[in-house]
Amino acid sequence: MKDLDLFENYTYGGIAYSSSLKYKAMVKKKEPFGAMVVREKFDHSLVKLAVDSGAKFVDGKTVEDIKISKDKSKLIFDDKKEIDAEIVVGADGIYSTVAKKTGLASIKKNNGICVFQESKLDEKTIDRFFGKERMCHIHIKFKNIPGYGWVFPKKQHLNLGVVKLHPTKLNLLNVYKDYFNLLKKDKIIPENLKMGQCKGGALPLGPLEKTYSNRVILVGDAAGFINPISGEGIYYAMSSGEIAAKIISESLENGDSSEKFLAKYQKIWNRDFGKDIKTFLKASKSTGGDDDNFIRLVSKDEKLTEIALSIFYGSLSVDEIKWKLIRRYIFVRFKDLFSKK
């Protein structure tokens, strides 16, 4: 794994800003919060790992249909060629053909959307603005969008963007332009950085009700796995892929690719990270909350800041830590109330 060089760098801290920009909470750690990747390099390394492990890589083809019969699965490509398989893993993203054609996902569904750009900068410039810790910046509900703006510095790249996690009438590209200008005004990014060609993306807003069927398992975005607060999905993609591999291996050993046998997959991911996603979903729907007061209180307590930002970045399990977060928040809130008297 080390030889693959999957990660670009690590981040050791972050700053979260309230929607009014009146308050901010910051944390720095000696241990990394998370790992940053450059997707082109990361994806290529994963393909290499798969090929080195015996997978056959076929590029330039699109799956148009899938047929499931009693004794096999059949994938039909855009050039009308076909491949037979014991089990199909739908890892084909948010608009998964496998999920739609097997009836696991409806054609119409609400998705989150984002606008972003990634610029290459020299390492000295990134060091100057973000330090060796590669401090990230998160602006909660910027322009009152149900989402956030982000600044993720990497080794020699800077990733900026805004994400809208629930439908609104706001033009997200215009929101991003305003965000870009704010970052320059507040000297978070270099004054001479140009707004290049922006890219757009869609992201799921929660898991599908069912992520398996006869001879089919869905993983990653195809299954709807995502942190609905931060929009991060790589961890869930990798974890669900690992779980799927284990269940498929057992399935082939037992000669049973039925829906009943593959149901184990959903039970395991539910136990592994499903509770976290459900908690994130509840929190993400509370878009009318007073984030100003929350960030103000969080900024007053180092432990609370560390817990809150660790959950956001995905380095702590929210299901395991939520009561500690709640207790600490209540403690800080009462402390704040009594300090005003």
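Every condition in (1) in a helix (DSSP H, G or I); (2) over 30 Å from Val151 (Cα atoms) holds for Asp256 except the one numbered (1).
Taking the criterion of being among the polar types (S, T, N, Q), out of contact with any Asp or Glu (no Cβ under 7 Å at 6 or more places or on another chain) and over 24 Å from Asn110 (Cα atoms), the residues of the stretch 224-261 that qualify are Ser249, Ser251, Asn254, Ser258. Taking (1) surrounded by fewer than 21 Cβ atoms within 10 Å (Cβ to Cβ); (2) of a type in the set (Lys, Arg); (3) in contact with a Pro (Cβ under 9 Å, 6 or more places away or on another chain) in turn, Arg134 satisfies each apart from (1).
Taken over the stretch 210-252, residues that are without any contact (Cβ under 8 Å) to a residue 40 or more places away in the chain and surrounded by fewer than 17 Cβ atoms within 10 Å (Cβ to Cβ) amount to 6.
A short reminder: the numbers here are calculations on the coordinates, not readings from a lab. Keep in mind that this is a model prediction, so the values were computed, not measured. All Cβ positions, glycine included, derive from the backbone under ideal geometry; neighbour counts span all protein chains shown.
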